[in-house]
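The values are calculated or read from the model by the stated rules, or taken from the named source; none is laboratory data. The structure presented is a predicted model; accordingly, all values stated were derived computationally and were not measured. Neighbour counts are summed over all protein chains in view; Cβ atoms, including those assigned to glycine, are modelled from backbone coordinates with ideal geometry. SASA here: full protein model, heavy atoms, side chains in, ligands and nucleic acids out. Shrake-Rupley method; radii C 1.70, N 1.55, O 1.52, S 1.80 Å.
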Amino acid sequence: MLKFFAKYIESELGIVYAEHNYFQLENRLEEIAKLVGVPCIQTLYEQAKSGISGQFKQMLLDVATNNETSFFRDPKVFKAIENTILKSVSSFLSPGEKLRIWSAASSTGQEALSLTMMIKEFNLKDKQHIGFSILASDISERVLARAKSGSYTQLEVQRGMPAPYLIKYFKKDDQDKWTASSELLSHIEFKKINLRGEFGIREQFHLVLCRNILIYQNLEGKMDILNRIGKVLAPGGYLVLGAGESLLGLSTDFEQCLIDGSILYRKKK
Ligand SMILES: C[S@@+](CC[C@H](N)C(=O)[O-])C[C@H]1O[C@@H](n2cnc3c(N)ncnc32)[C@H](O)[C@@H]1O
């Protein structure tokens, strides 16, 4: 029974549950059983055998994913992006063109908002007018809904956000939630995209961040996602992976660049 659900999650998300981690899956299925009001996992299984779709599918994908994220996660990476892309933006953009960024697997949106604040601050500091747009995507509707709201708890904003940015770009409400300004959110388009399937993206990006998701993929899934990201990245554009992820030993369209102590990958021209 657990194998059945593990196989389904692997086929949909590429996330592999090793047998010794089945207990985690079991706990998560118990949560779903409670949420949908069925007595046990066995009943869920009976229902699932005749097809997994709609709300049940979304719940399963939601509980199978780890949504850990924070503002300015791995700050060195933001410095490296500033130094490689923002400081030489004219080599990426034609006059009047916008800088296009994709925060793939963006979870609750902290990464996309961090990039937005970083570019706005850079524009002010350098007296520049870099126009930009950010696509923030995730497979989970639950985290996307939170990302769209731009609303965060005190604990969440304390993780990584410089205090002056919080004061400048967020407003606190009566329930102690901090909400990003609508101007900040206006730079970001939120979209549900399963990286395992067709992205459905026509544009080309100058920068793609795909952090802390490839670690959950098997080799085949990883290569497939990387190859398709390569296709939506403009020549010379950059790919950023999570700190614990690397393309070492993989044959891809990217070359490795060490910038300010961070590894970025550049699409070969
Ligand atoms: C650990 S979070 C990382 C968030 C952010 N990229 C960061 O590094 O802070 C991983 C995110 O990947 C999403 N995810 C997992 N599998 C996915 C898939 N196949 N397609 C799109 N998103 C996926 C999860 O829903 C989760 O929000």
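A few comments on the model shown:
- Cβ pairs under 6 Å, 6+ apart, first in the range 175-195 and over 20 Å from Thr153 (Cβ atoms) and assigned by TED's automatic domain parsing to the domain that holds Asp138, second within 16 Å of the ligand (Cβ to nearest atom) and in a loop (DSSP other than H, G, I, E, B): Ile193/Phe199; Asn194/Ile139
- Pair list, Cβ under 7 Å, 6 or more apart: the range 215-233 residue in contact (Cβ under 8 Å) with a residue 60 or more places away in the chain, other residue part of a loop (DSSP other than H, G, I, E, B) and aromatic (Phe, Trp, Tyr): Val232/Phe199
- Scanning the range 102-121 for any residue that is small (Gly, Ala, Ser) and away from the ligand (no atom under 16 Å from the Cβ) turns up nothing.
- Of all residues in the range 9-27, those that are over 26 Å from Ile193 (Cβ atoms) have Cβ atoms under 8 Å from Cβ atoms of residues that are of a type outside the set (Lys, Arg) and assigned to a helix (DSSP H, G or I), 6 or more apart or on another chain, in Tyr22/Leu2; Tyr22/Ala6; Glu26/Leu2; Glu26/Ile41.
- Checking Ile32 against (1) away from the ligand (no atom under 16 Å from the Cβ); (2) open to solvent by less than 20 Å² (accessible area, probe 1.4 Å); (3) not assigned by TED's automatic domain parsing to the domain that holds Thr179, the condition it does not meet: (1)
- In the range 108-148, residue nearest to Ser70 (Cα to Cα) [restricted to those that are of a type in the set (S, T, N, Q) and open to solvent by less than 10 Å² (accessible area, probe 1.4 Å)]: Gln110
- In this structure, Thr153 does not qualify as surrounded by fewer than 17 Cβ atoms within 10 Å (Cβ to Cβ) and in contact with a helix residue (DSSP H, G or I) (Cβ under 8 Å, 6 or more places away or on another chain).
- The single residue among Glu12, Glu19 that is modelled with pLDDT under 90 and either open to solvent by less than 70 Å² (accessible area, probe 1.4 Å) or of a type in the set (A, V, I, L, M) (or both) turns out to be Glu12.
- Any hit, the range 58-67, residues being of a type in the set (S, T, N, Q), open to solvent by less than 30 Å² (accessible area, probe 1.4 Å) and assigned to a helix (DSSP H, G or I): yes
- Scan of the range 194-240 for residues that are within 15 Å of the ligand (Cβ to nearest atom), under 19 Å from Ser133 (Cα atoms) and at pLDDT below 95, ordered by number: none
- Residue within the range 74-93 that is within 13 Å of the ligand (Cβ to nearest atom) and open to solvent by 20 Å² or more (accessible area, probe 1.4 Å) present: yes
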